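Reading through the structure tokens given below for one structure.
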Amino acid sequence: NADMVGHTGNFSATARALEAIDAALGKLEKTVLSKDGVMMITADHGNADEKMDPISGEARTEHTMNPVPLWLIGREFQNKKFPPESEPSGVLSDVAPTLLSLMDLAIPAEMTGKSFLPLLISRS
């Protein structure tokens, strides 16, 4: 868990955790794609992305305010990217509507977020 080990401030432990996560995600991706599925990867905050304060040089152990990616992996999304100048940014409340759109389910009116799926589907 990159978040838990990130709170230790131990850079090498964080790097090892990220390597383990990368290997596990690679296996999961292979299985999901073999079943013609879709997987979404995201986070609710940064932590393991910035382990040293650039000014003081001290270890950082708290969450960061850096943007986090949202990846959709599936055959229908291959070669579809947002151009860097128009890459959207979103909020945590956009994740559930995106998942619901992926499953062809209605987005309840109570949800304030928006799905990123229409933006990806319209790009080639």
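Structure values in brief
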read-out	value
Number of the condition not met by Val32 [criteria: (1) at pLDDT 85 or above; (2) touching an Asp or Glu at 6+ places or on another chain (Cβ under 9 Å); (3) not charged (D, E, K, R)]	(2)
Lone unmet requirement of (1) under 18 Å from the mean Cα position of the chain (by Cα); (2) part of a loop (DSSP other than H, G, I, E, B); (3) at pLDDT 90 or above; (4) in the same structural domain as His7 (by TED's automatic domain parsing) for Ala43	(3)
Criterion (assigned to a loop (DSSP other than H, G, I, E, B) and of a type outside the set (Gly, Ala, Ser)) met by exactly one of Thr14, Thr98, Thr61, Thr31	Thr61
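The values are calculated or read from the model by the stated rules, or taken from the named source; none is laboratory data. For clarity, every value in this text was computed on a predicted model and none was experimentally measured. Note that we place each Cβ from the backbone using ideal geometry, even for glycine, and neighbour counts take in every protein chain shown.
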